[in-house]
Each structure stands twice: as C-alpha cells, then as structure tokens.
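Report on one structure; see the data block that follows.
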Amino acid sequence: MRQIIIRENDAGQRLDKFLAKALPALPKGLMCKFIRTKHIKRNGKRCAVSDRLEPGDVLSFFISDDFFNQNVPRQTPVFLHAPARLDVMYEDAQVLIVNKPAGLVVHTDDRGTGDTLVNRVLHYLYKTGAYDPAAEQSFTPALCNRLDRNTGGLVIGARTAAALREVNELIRSRRLVKQYLCITAAPPPKKQDRVQAYHRKPQAGNLVEIRDTPGGGFANIDTEYRVLAQQKELSLVLVTLHTGRTHQIRAHLAHLGAPLLGDNKYGNVQANRRYGVFTQQLWAWRLIFPALEGVLAPLSGRTISAPDVPFLSTYFPGVELPARSET
C-alpha cells in the first residue's frame, strides 16, 4: 500500500485531475476502475472521481508500484534552459507580476520555443527557492493572463494553487481592471468612448472577425478608449478592456478605423512602411485591483503600472500619463 497526503497546493482539485498529474503512468480508465473498486481510497473510505480534495486528505493506493514511476530517471527541467531574467513589478508569497518584453512568447508555441515567459518565471522561482518541482505532487506555478508575442506588458503569475484559483476568478468576474497603451495609425472616431461590437475567431487561421450586429458564433466585446495625445496621424490611446477576447484591442480599433501602428494583421500597411514599424505598438500598462481578501489581500486596492513603455519615448516623449483617479 502507498499513501499520498494532500498539501495546500494540491487542494481544491477533483480527485481524478490530481491523480492524472500525480500518477501520469496510471491510465484514466484504470484509475476510474480502481476508485470504483476501492483500490484507491480517500481517508480510508470509498471515494469518487469528482471528490474535491482538501488539505490533509490521505489517499491510499492498493495498486502496483509500477504506476508510481519509481524507476523513471530524473531529467533536467525544461525551464532551466530559459533565462531566469525577469522584470518583476510586484512579488509576494502568492503572486508575482512581471513586465514582459515585446517579442517574447508567453507559452511554448507551434515552433517549440523553449525561451518562453512561463519558463523564465519557473526558472526565476526555482533559482530563488520559491519552487522545487521535486517537492510538488501536482502543482506548477502558472501565468494567469497572456499577451501576444509582440505585445509587451504586465502578466500575473501565480506561485500557489490558491492564488491561481483566486486570480483566475478575479479575471473571470471582470473585477480586475486591465488598461493598455497603444499607438494608432489614424485617430479613433471620438476622443473618448466605450464601444460594443461582436467578435468571432474562426477555427482556421489566426484572424478574428468584428461586426456591429449579432451573428452566429459571434460573442459580445466591450472596449473603452481615451485619446491621450495626438501627433499628425498618430494617436496615443489608453484602452480599458471590459471583455478579453483574442486580439480584441487590435481588431476592434481597426474596425473603428484606428488600426494599431505596426500591426501586421489588422493594421495599415502603408503607415507601417512609412514609419518602419512592423509589430503592434501595444503595451499592457496597468492593473487596478479591487478590494480583496484571502491570499490576494496584499494586492487589495493596489495599482501596478509598467514604468517603461518603449514606444512612448519614440512617438510621444514627455507625455504625462493619467493617474488612477483620472481614468
């Protein structure tokens, strides 16, 4: 018989989800059979695949040792091949917020890129002693939001399972305010507005569709913008997202006639060539947290801003960005 004691980072998961990570050599069908026949018990009693695990739960296994991968040699974690270099804006025992450079992919892509933001975060946490994969039974620190490769800015990383759940819920409930700075190659229709539209991402390709009326497969999007400064055809725009769809800012502003400078998907090719810019000038600039309790309490009411937005000095040097109270 073997036993596993559920720790804080394992709690809150369904039993089957935990076992899939803790015992990857155990086929799902056989796992369900072992649970049904009481070869796997929770706190000495019959359990179900849908049981939610709690800290201190004891799982007992009356199954072959072969399923525990005891003879699998340890391998160097993949994340150690990525740099541990990060621009950390905020960190506590539960979360860290980093300023991602443009050009860095967030997760491994179709090209198998190893130098990703998530791998840099894992290497950083490993190097600082905050994460030891050998000591974890099922949890790996994770990123809670994502940005396109060529979009820079603030990304939240969860150091614990509890933080991951709470940040994800914060984003899902739209209580976390996310603000972006961008340069548009033409002025938006108004100096300030909050606009609704409908968004669809086709299964084929990586271009989204925007329309002003509902349609099959289209979901509502809600984008608020404010023009902070203008210089000839260029505008510096502050965008507040009220929904978070794929390419929402890029596609929605292009739909309004104000495509992002440098955008190679939705942008103005002539303007991009004229300025010699071929990546979207977009930065996830600021996060505004509501009143919070629990593991996120240290972030309650706080505003985290990226101190350096590279394209500002090029197109709008010396511009004064709005304080939180001005948004």
Pairs where the first residue, in region 9-20, is closer than 15 Å to V49 by Cβ and the second is part of a helix (DSSP H, G or I), C-beta under 7 Å, 6+ apart: D16/M31; F18/D10; L19/M31; A20/K28
Of all residues in region 134-165, which are surrounded by fewer than 21 Cβ atoms within 10 Å (Cβ to Cβ) and assigned to a helix (DSSP H, G or I)? A134, A135, A162, R165
Criterion: over 21 Å from T140 (Cβ atoms), among the basic types (K, R) and either part of a helix (DSSP H, G or I) or touching a residue at least 40 places away in the same chain (Cβ under 8 Å) (or both) - qualifying residue of K33, K41: K33
Go through (1) touching a Cys at 6+ places or on another chain (Cβ under 8 Å); (2) more than 20 Å from H247 (Cα to Cα); (3) not acidic (D, E) and name the single condition I156 misses. (2)
On the basis of being assigned to a helix (DSSP H, G or I), surrounded by fewer than 18 Cβ atoms within 10 Å (Cβ to Cβ) and in contact (Cβ under 8 Å) with a residue 24 or more places away in the chain, does Y90 make the cut? no
Is it the case that region 172-193 has a residue that's in contact with a Lys or Arg (Cβ under 6 Å, 6 or more places away or on another chain) and surrounded by fewer than 17 Cβ atoms within 10 Å (Cβ to Cβ)? yes
Qualifying residues in region 118-150 (those that are touching a residue at least 12 places away in the same chain (Cβ under 8 Å) and polar (S, T, N, Q)) - the one nearest to V78 (Cα to Cα): N119
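Conditions (1) modelled with pLDDT under 95; (2) out of contact with any helix residue (DSSP H, G or I) (no Cβ under 7 Å at 6 or more places or on another chain), marked per residue:
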residue: Q231; (1), (2): yes, no
residue: V239; (1), (2): no, no
residue: T246; (1), (2): yes, yes
residue: I249; (1), (2): no, yes
residue: L253; (1), (2): no, yes
residue: L256; (1), (2): no, yes
residue: L260; (1), (2): no, no
residue: D263; (1), (2): no, no
Taking I4, is it surrounded by 18 or more Cβ atoms within 10 Å (Cβ to Cβ) and out of contact with any helix residue (DSSP H, G or I) (no Cβ under 6 Å at 6 or more places or on another chain)? yes
Within region 9-29, work out how many residues are surrounded by 14 or more Cβ atoms within 10 Å (Cβ to Cβ) and either not polar (S, T, N, Q) or not assigned by TED's automatic domain parsing to the domain that holds I63 (or both). 14
L287 - would you say it is touching a residue at least 60 places away in the same chain (Cβ under 8 Å), assigned by TED's automatic domain parsing to the domain that holds L260 and crowded, with 18+ Cβ neighbours inside 10 Å? yes
Kindly indicate the residue of region 93-133 that is among the aliphatic types (A, V, I, L, M) and in a loop (DSSP other than H, G, I, E, B) and also nearest to G294 (Cα to Cα) among those meeting that condition. A93
Selection within region 107-123 - crowded, with 18+ Cβ neighbours inside 10 Å and within 25 Å of L170 (Cα to Cα): T116, L117, V118, N119, R120, V121, L122
Considering region 201-217 alone, what residues qualify as being among the basic types (K, R) and either under 17 Å from P259 (Cα atoms) or modelled with pLDDT of 95 or more (or both)? R211
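The values are calculated or read from the model by the stated rules, or taken from the named source; none is laboratory data. Small disclaimer: the values here were computed from a predicted structure and weren't measured. Don't worry about glycine lacking a Cβ; one is built from the backbone with ideal geometry, like all the others, and counts go over all protein chains shown.
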